[in-house]
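The values are calculated or read from the model by the stated rules, or taken from the named source; none is laboratory data. Computed from a predicted model, the values in this text were never measured in an experiment. These area figures cover heavy atoms from the full protein model, side chains too; ligands, DNA and RNA do not enter into them. Shrake-Rupley method; radii C 1.70, N 1.55, O 1.52, S 1.80 Å.
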Amino acid sequence: MTARRFWRRNGATGWALSAPATLAVIGFLLIPIGAVIAGTFIDPRGVFAPYISYFNSGFRTTVLFRTLQIAAITTIISLIFGFMTAYVVSRAPGKLKSLLIVAAVFPLLTGVVVRAFAWLIILGRNGILNQTLLALGITSEPLEMLYTQGAVIVGMVYLFVPLMVLSLVGVLENIPRDVLQASSSLGASPLATFWQVLLPLAVPGLIVGAVLVFTGSFTAYATPQLLGGERQTVLATLLHQRAMVSFDWVGASTIAAIMTVITITIVLAMSHIARRINPMAT
Amino acid sequence: MPDRPHPILIGVAALVYLFLMLPLVIVVGAALSDTTYLTFPPQGLSLRWFENIFEISAFRRTIVTSLQIALMGTLIALLIGIPAAYALNRFRIELPKWLGTLFVLPILVPEIVFGFALLKSFTVGTGAPIFLSLLIGHTLIVLPYVVRVISASLASFDFSIEEAAISLGSAPAKTFFTIVLPNVRAGVIAAFILAFITSLNDVSVSLFLTGPGISTLPIQILAHVEQFFDPTVASVSVLLMFLTVAVMAVVERTLGLTFLAK
């Protein structure tokens with residue numbers, strides 16, 4: 001056995017080449033996060049003390065449920081509008097299609113701060129929307145739109161709709177047109193074709209998109225911070241406030257652990273479901 | 001189902017695109033306004049808020065830091081990510097499956113948790129300088145993009161070409177640089193751009209890793225918005241958007257833009 005063969009058979013070269021990146025992820029990501037989570041279980045007050053005190057606080061449980069609610073609503077709205085838009089994009093003629101894809105990629109490449117800031121100009125007390133409503137005589141005094149849950153959701157949908165559109169366009173393009181044509185030529189109404197053929201085939205893509213949007217909006221910081229302020233505190237802003245303003249490291253670590261567990265659970269559960277119900281996989 | 005979508009669907013899609021584009025148009029308009037407050041449509045055109053960016057030293061400093069971190073972080077990520085992506089494809093059978101998942105972890109775990117953990121366990125724990133922590137944080141959050149984009153390029157690379165070169169006597173390292181790398185050039189460029197823009201726009205990791213004198217541009221923008229509500233932020237935003245457009249134009253020239261949608 002030559003030396004080269006030996007190396008190849010053991011995959012040692014492969015390990016060596018991936019070692020720097022592997023060690024970087026383990027050393028700077030897994031261990032620090034593991035240490036933060038482990039730290040919450042060695043509290044002098046008892047094993048689950050930080051979690052008991054978290055869930056005993058009415059304010060903090062409200063924040064957790066508010067975050068889940070905002071993420072769920074954002075996901076549902078993004079799914080509905082993202083799906084319709086992606087369908088139109090996937091059926092658009094070549095040139096227009098690439099233009100539409102570029103138009104969806106561009107906001108994604110623009111920073112979250114810039115995109116949240118845009119809504120600050122629109123929804124502010126003296127913002128464009130209020131000015132327009134006043135000029136049209138729809139309201140007699142400016143509406144308080146900022147720092148509401150609605151403002152945060154609008155900002156989040158704005159953030160994540162492009163992601164949903166892009167993850168669905170590919171899926172919809174891959175659904176053979178023959179299948180849809182077969183359905184309608186066999187007498188199914190367009191609505192029946194949609195519910196019984198198109199939608200089931202798109203489910204794996206919808207799940208991927210939903211996971212991306214849900215976890216993204218569940219952990220977003222800049223948008224709820226700028227558009228929701230303290231009145232709409234979410235887990236991410238609470239984590240930052242606990243760590244950097246109150247220097248309550250145990251509290252911050254507890255929030256970090258809760259966020260990590262929820263995110264990972266959702267990703268694993270949904271990818272498991274997506275694999276099981278994929279109708280294209282036989 | 002007819003091939004042409006229903007007019008109502010087309011109408012909804014048009015509204016969604018209007019919803020996506022209008023806020024960005026408004027930011028550009030507000031940046032060009034001659035007023036001291038944020039308004040749209042702009043009243044009087046002026047570039048003075050762009051000059052103002054460079055008059056505020058915090059913006060000058062953070063723009064430099066952001067560009068430094070984005071460039072260095074991306075290069076390091078490429079340096080460790082390209083060999084990893086190569087190994088994942090070349091030694092697919094020999095290496096365990098979880099290794100591929102490991103490189104996706106930095107975008108799987110909440111970024112804000114990662115930023116906090118890095119601060120608590122690494123920066124505070126070891127007393128490492130803020131700049132180094134910031135660089136490590138950014139390197140890790142762009143690593144998944146590098147590994148995935150380059151892996152995707154390598155997946156369509158025929159490794160028998162490499163074997164042919166090696167069996168004809170070319171040294172493995174030389175073969176990598178002269179045969180493999182040129183074939184995945186497009187992937188490397190795309191990875192660079194994606195990583196650079198991701199790092200430049202990052203908020204959640206940088207949020208914790210700023211200290212006296214060191215901060216990044218997005219964090220500085222956040223701080224500025226909370227204190228002053230003037231068009232400076234709009235003009236910085238436009239500057240960032242222009243940078244994005246420039247980068248996208250380069251991609252369009254070299255690879256075609258649909259590449260980014262993958």
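In whole percent, what relative contact order does the range A:128-282 give with Cα contacts below 8 Å and a gap of six or more residues?
Reported as a whole number, the value is 27 percent.
Give me the accessible area buried between chains B and A, both sides summed, with a 1.4 Å probe, in Å² rounded to the nearest 100. All intermediate terms of the calculation are to be shown ahead of the outcome.
Details: alone 15160 and 16660 Å², together 24460 Å².
In total, chains B and A hide about 7400 Å² from solvent.
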Using Cα springs under 10 Å in a Gaussian network model of chain B, which residue among B:50, B:103, B:242 shows the largest mean-square fluctuation?
B:242
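Take the eigenvalues of the Cα gyration tensor for the protein assembly as shown, scale each by 5, and report the square roots as semi-axes in whole Å, largest first. Please list the in-between numbers first.
Values: eigenvalues 268, 204, 132 Å².
Working through the eigenvalues yields semi-axes of 37, 32, 26 Å.
Summing -39500 (n - 2.57) over the DSSP H runs of n ≥ 4 in chain B and dividing by its residue number, what mean residue ellipticity at 222 nm do you reach, to the nearest 500 deg cm²/dmol?
-21500 deg cm²/dmol
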Any chance you could give the angle, 0 to 90 degrees and rounded to 10, that helix B:217-227 forms with the longest Cα principal axis of chain B?
20
So, taking all protein chains as they sit and a 1.4 Å probe, how much accessible area belongs to residue B:67, in Å² rounded to tens?
70
Rounded to 10°, Cα long-axis angle of helix B:130-155 versus longest principal axis of chain B
50
With every protein chain in place, what's the accessible area of residue B:57 (1.4 Å probe, Å², nearest 10)?
60
Could you order B:237, A:246, B:156 by accessible surface area, starting with the largest, using a probe radius of 1.4 Å?
B:156, A:246, B:237
Whole-angstrom gap from the range B:1-66 to the range A:21-68, using each part's C-alpha centre:
38
Where in chain A are the DSSP H helices whose C-alpha atoms run 15 Å or more along the long axis and whose mean Kyte hydropathy is at least 0.0?
A:12-25, A:58-91, A:94-109, A:112-123, A:149-174, A:199-219, A:249-277
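Specify whether the C-alpha gyration tensor of the range B:54-261 places it in the rounded, prolate or oblate class, a ≥ b ≥ c being the square roots of the eigenvalues: rounded for a/c under 1.5, otherwise prolate if a/b is larger than b/c and oblate if not. Can you show the working numbers first?
Working: a/c = 2.64, a/b = 1.71, b/c = 1.54.
Since a/c reaches 1.5 and a/b is larger than b/c, the shape of the range B:54-261 is classed as prolate.
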Solvent exposure, largest accessible area first (probe 1.4 Å, DNA, RNA and ligands not counted), of B:153, A:140
A:140, B:153
Set of aspartates and glutamates with alpha-carbon distance to residue A:97 below 19 Å, sequence-local pairs under 8 removed
A:173, B:3, B:252
Out of B:198, B:216, B:74, any idea which swings most in a Gaussian network model of chain B, alpha carbons joined below 10 Å?
B:198
Give me the aspartates and glutamates in straight-line cross-link reach of residue B:120: C-alpha distance below 12 Å, same-chain residues under 8 apart excluded.
A:248
Note down the accessible area of residue A:270, probe 1.4 Å, to the nearest 10 Å².
60
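Based on the alpha-carbon gyration tensor of chain A and its eigenvalue square roots a ≥ b ≥ c, which shape applies: rounded if a/c is under 1.5, prolate if not and a/b is larger than b/c, or oblate?
Details: a/c = 1.89, a/b = 1.02, b/c = 1.84.
Verdict is oblate for chain A.
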Cut-off under 18 Å on the C-alpha distance; same-chain residues fewer than 8 positions from residue B:174 excluded. Which aspartates and glutamates are left, in chain and number order?
B:158, B:162, B:163
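Sorting A:177, B:92 by accessible area (1.4 Å probe), largest first, what list results?
On the way: A:177 90, B:92 145 Å².
I get B:92, A:177, largest accessible area first.
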